[in-house]
Each structure stands twice: as structure tokens, then as C-alpha cells.
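Please read the structure below before turning to the comments.
The values are calculated or read from the model by the stated rules, or taken from the named source; none is laboratory data. Computed from a predicted model, the values in this text were never measured in an experiment. Every residue, glycine among them, receives a Cβ derived from its backbone with ideal geometry; neighbour counts consider all protein chains shown.
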Amino acid sequence: MDLIPAPSSAVRRPGEDFPLDATTTLTAPPGLADAERWLRGTLSAATGLPLAPGRPGAGIELVLDDTLAAEAYRITVRPGHALLTAGGPAGALWAAQTLRQLLGPDAYRRSPLRREAWVLPGADIADAPRFGWRGALLDVARHFLPKSDVLRFVDLLAAHKLNVLHLHLTDDQGWRIEIKRYPRLTGRGAWRERSMVGYRAGQRRDDRPHGGYYTQDDLREIVAYAAARGITVVPEVDLPGHTQAAVAAYPELGNTDVVDTAALGVWTDWGVSHHVLNASEETLRFFEGVLEEVLEVFPSEFVHLGGDECPKEQWKDSAAAQARIRELGLANEDELQSHLIRHFDRWLAERGRRLIGWDEILEGGLAIATAPQGAPEAGAPVSGAERPAAWGRSRAAVSSWRGFGGGIAAAKAGHDVVMCPEQHVYFDHRQADGPDEPIPVGFVRTLEDVYRFEPVPEQLDEAAARHVIGTQANLWSEFMDSARDIDYRAFPRLVAFAEVAWSELPARPAERDYPGFERRLRAHLEVLDALGVEYRPVDGPHPWQRRPGVVGRPIEGPPPVR
Ligand code: ACM
């Protein structure tokens, strides 16, 4: 049956096939309406069969079994009856995805090709994911991705049972989320005059304005569309670095005593800008206002506040920042950053949310969200039932990107971790060595490397390993300005990644059956073809996928061992 990601168990029952026809029904209890709607919409479009509502015990039937975990499911296919039993709505959606796979690649098209028999193979399948966070990051800040392409990407994630879309919404090069009380964030911050083409050393510019942003209703639509497919959208508003677009829109957010921030535009270079936020109370209030609107749009438990790569030069030079450090009793600029992160850690916790940030949020101390300044307990260890929950131990989580180290430290300290080390799962990095890879950056990370990526480092004992709540592949978009480029860098590696995140593969990379995966992938490429995904062919890029002469920034040699 060649299912990808590989299920926990799958047994083929020859002679027990279920041919579908115009009388085949589809039935589900009210709690599984999303899966029922998705199955009917998707399979009716592909097969031309109506899949009308029917009665229990026949046709395609979804049922709930709350003894199963929420994302777990079983499928039994027998003549005249395909029973999909799910632990919860998410499990039903994954079962529905598997059912579509059982019908073959043409079930992924949006119209029937021809009149043909649609047959579900007789089978017994039992399945559940390894990790609860199976994510992909889309950087829609460096290059704006039109809403329709984001929705398409959601469908591609769902087809691979990935369940978190991390949307990187703001950066030096663009602000992409409408904030009603601060209209200049998008009015000015959502576009730049031109872009670098390739990396700095190539000295190429396109002299073409770039921009775009999502209205709050666009984002609500994306969130709801994703939720109906089992996917949580986690928004990222990056601070206090990666904020030149915000400073360009509202110069008072910057370090006005060291630079003329009123003269700043949205950054037209790639890299890390030195124009970071100031750390004033007014700036905290401004971003509380931003986040109030973010929380209205995104119901996710986690809100990503970045925290990565914040150059400290401007704070070192700024009399205001230095005064702030003294006023708060902090040791240095790292602690000033930590103060900002803790502030929003507490602020989010008070609103029932959790902060997640890149592993730099560990620097300067993350472990405890202390009581607010002036509160009786300030400075004291904060735990105890009588204190507001938000003053207790920080429940912030860490996206471990600079390797495994941050994630290991965080997990040992009791923080949840999403493993996304750049040496392994940054899918902007090149897929092969050689001159044909378009705008080659980073390490060579082949399909096989990704298949052999193990998110839980062996240095963690069992208790700490439980804090690795999942893993994520990140698609930074400096060198991807369209869905076609994203397809190329994401696929087929995201297929291998999905199996790493979902399936119980041998922990030792060397013991993984890569040839077996490659064989199943060959069939799965027909699925990607049916979906219209412009993946990287196994033998190298199509001519139109190359970018001759555009300079990247490859890193030679293998990535450091973890
Ligand atoms: C990152 O790649 N700066 C999180």
C-alpha cells in the first residue's frame, strides 16, 4: 500500500477490496464533521462520486473511539464497508488522508480523469503519530506569499499529516500582518523598494518593489482552513531584533538616540539588520497592542515571539538603553533582551497562552517568569498556589535552531522544545552539491540526510526527552520568491521529514530503511505530480529550476556532528 508517512501497522487483506460506486455513502457523527466535509469534498471532486450521507455499518463510515489518543486512528476496509475509527477530530482527519492515499494518485486530482473503478484495498491499519508538533515554517516576511499559495501549502502539509504551520510574519524586510491600531506597520512596513537577488557577494538587485500583507480576515481564513484540516497556525512576531520594517513604519520604536530612525526604510538586504527595537515602556505597550490583535486572530496555545539574532550594538551605544539597564538592575544587554522576553512570556501566560521563541531566549535567563517589579514576591522564587499562575515557572517553549544544544539545555531545564536544527532541517539549504542547485546556501542536506534526521538527541534521559514535543522543518524565503521555489526546496524532503515526525522509525539514523523509503517515495511522487507540486527531481533540477549565475552562500563540508 506504500503509505507515507508509514503507519504503525498496515495489513493488506487480499480478496477483501471495496469497490466504490455512485451508491457508496459517507457517514460520520456530528463531532467529526470536519473530516466528513473534507472527505466528501475531496473525494467527490476527484472521483465524481457523490458520497451521499448514509447509515452506519455501510459505505465509508467515520466513528469516534475515545479510548484512542486524539490523533490516533484505525481503518478497516472490507467489501461494502470502510470503517475509520478515530480518537478525536484530528485522528479522523488523518484517517481521511490515509483513505485518500489508499485510492491512489488520481484521488489527489481535483476532477476525475475518466470513468474508472475506484477501489479501496482490503486492509487493517492502525496508526498514531510519534510527535504532537509536526511543523513547517513558512517565512512570508522575506518574500510575501499570496494567500492562495498559503492555503495550498496547508493542503500539502495536511496530505503529509504535518500539523503545525509556523508563519513567520514579520522581519527586517517586511511586516505582513494587518494591525488595525498601527496601520503604518503594513502601510509602510509591508513593502520594500527592491530586493537582493541571491546573496550579498553577487551584488545583484532586482530594482522591483516587493510587498504584500494579509488582512486579519485573510489570516482568520487561513487559520480556519488549516484547523479544518487538523493544522494549528502558530504566528510569529519576531522581536526585539529582526524589526527594521516595524522601526521604518514607527521610528519611535527604534534607538532614536543613536540613529535617525525616521530616515529608515524597510530593509532591502538579506542578513540581520542592526536596527532593533528600543526597550522602553512605550515600546512594550506598542507590542502589547500588536499582540492583542494577534491573539484575536490566532487561537493557538503557542505564540512565537522570535528572540533570535538581536545585535546588541545599538543598545551598547544608546544612553537610553543603558539607563534602562541600570533602572531595571540588569547586568548587560543580554539581560535587557531577556527582560523583554520575560515580559511577554508573563503577558502571554496571563492571557492563557504560551510563548515560544528561538533558542536565544535562553540567553540571559529564561527559566523563571518572575513576579512583576514591585510585587511583594519580586525577586523571590516563584512557585506556590497563592500566586497568579503567570508568576509561576515559565511555560515558554524553545525552537532549537542553532543545533541541538539549545534544545538539550531547555529540555533539561524542563522546557518544551521543538527541534529544528539548521544543520539538518533548514530546507532553504541546498539539496545536493554541484553547480545546478539554484542559489545554493547552507549545508548539503539530501533527501537521505533528512530521512536519517533524529529529533531526540541521545544526551537526553527519558524525562527530558519527553520535553521534545516535536520537530519542524523551516523554509526561510530569502531565495524563494514564489510557491514554485518553495515547492522545489520543500519537496520531496518534506515527505521524508513527515515520516520522521509521524512514524516510529529506528532512533539510530543508520538503522533506518532508506531504500525502502525511496521505493515508497517513487509511488508518492505520482501523488505530488497529481497535486501539481514542482518538487526537485531525484536526478537534479529541471532546467527552469536552475538559477545560473545567481550567487548563494554555500557552507562547505558536512554539518557539525551534534
Ligand atoms: C533563525 O534562523 N534565525 C531562527
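For the reader, a short list of remarks on this structure follows.
- Screening the candidates LEU239, LEU253 for the property of being more than 30 Å from TYR73 (Cβ to Cβ), within 16 Å of the ligand (Cβ to nearest atom) and not acidic (Asp, Glu) yields one hit, LEU239.
- Leading residue by the ranking (surrounded by the fewest Cβ atoms within 10 Å (Cβ to Cβ)) among those in the stretch 20-47 that are within 37 Å of the chain's Cα centre (by Cα) and not in a helix (DSSP H, G or I): PRO29
- Residue match in the stretch 82-89 (condition: among the polar types (S, T, N, Q) and surrounded by fewer than 18 Cβ atoms within 10 Å (Cβ to Cβ)): no
- Here ASP238 meets each of (1) over 15 Å from the mean Cα position of the chain (by Cα); (2) over 30 Å from TRP94 (Cβ atoms); (3) not in a loop (DSSP other than H, G, I, E, B) with one exception, condition (1).
- Pair list, Cβ under 6 Å, 6 or more apart: the stretch 289-311 residue over 17 Å from ASP218 (Cα atoms) and within 16 Å of the ligand (Cβ to nearest atom), other residue modelled with pLDDT under 95 and assigned to a loop (DSSP other than H, G, I, E, B): none
- Close pairs (9 angstrom Cβ cut-off, 6 or more residues apart or separate chains): without any contact (Cβ under 8 Å) to a residue 12 or more places away in the chain and over 17 Å from ASN474 (Cα atoms) in the stretch 434-448, of a type in the set (Gly, Ala, Ser) and crowded, with 21+ Cβ neighbours inside 10 Å anywhere: none
- Answer from LEU138, LEU169 - the residue that is touching a helix residue (DSSP H, G or I) at 6+ places or on another chain (Cβ under 8 Å) and surrounded by 20 or more Cβ atoms within 10 Å (Cβ to Cβ): LEU138
- Selection of first residues in the stretch 468-496 that are more than 16 Å from the ligand (Cβ to nearest atom) and of second residues that are at pLDDT below 95, restricted to Cβ pairs under 9 Å at least 6 apart or on distinct chains, gives the following pairs, ordered by first then second residue: PRO492/VAL538.
- Residues within the stretch 154-166 that are under 30 Å from VAL247 (Cβ atoms) and either among the charged types (D, E, K, R) or out of contact with any helix residue (DSSP H, G or I) (no Cβ under 7 Å at 6 or more places or on another chain) (or both), tallied: 2
- Candidate set: the stretch 247-269, residues that are free of Cβ contacts under 8 Å to residues at least 60 places away in the same chain and either within 23 Å of TYR199 (Cα to Cα) or touching a Pro at 6+ places or on another chain (Cβ under 6 Å) (or both); chosen: the one surrounded by the most Cβ atoms within 10 Å (Cβ to Cβ): THR261
- Every pair of residues 6+ apart whose Cβ atoms lie under 7 Å, when the first sits in the stretch 111-123 and is in a loop (DSSP other than H, G, I, E, B) while the second is of a type in the set (Gly, Ala, Ser) and at pLDDT 95 or above: SER111/ALA45; PRO112/ALA46; PRO112/GLY48; GLY122/GLY15
- Screening ARG493, ARG512 for residues that are touching a Pro at 6+ places or on another chain (Cβ under 8 Å), surrounded by 13 or more Cβ atoms within 10 Å (Cβ to Cβ) and either modelled with pLDDT of 95 or more or of a type in the set (Ser, Thr, Tyr) (or both) leaves exactly one candidate, ARG512.
- Tally, over the stretch 524-552, of residues that are modelled with pLDDT of 95 or more and either aliphatic (A, V, I, L, M) or not in a loop (DSSP other than H, G, I, E, B) (or both): 14
- Odd one out for HIS429, checked against (1) within 22 Å of GLY532 (Cβ to Cβ); (2) within 16 Å of the ligand (Cβ to nearest atom); (3) assigned to a loop (DSSP other than H, G, I, E, B): (1)
- Residue check, PHE144 out of contact with any Leu (no Cβ under 7 Å at 6 or more places or on another chain) and either at pLDDT below 95 or not hydroxyl-bearing (Ser, Thr, Tyr) (or both): yes
- Just one residue in the set ARG220, ARG208, ARG200 is of a type outside the set (Phe, Trp, Tyr), closer than 22 Å to ASP155 by Cβ and surrounded by fewer than 18 Cβ atoms within 10 Å (Cβ to Cβ); that residue is ARG220.
- Taken over the stretch 260-274, the criterion of being farther than 22 Å from TYR214 by Cβ and more than 16 Å from the ligand (Cβ to nearest atom) is satisfied by ASP260, THR261, ALA262, ALA263, LEU264.
- Counting residues in the stretch 92-105 that are of a type outside the set (D, E, K, R) and assigned to a strand (DSSP E or B) gives zero.
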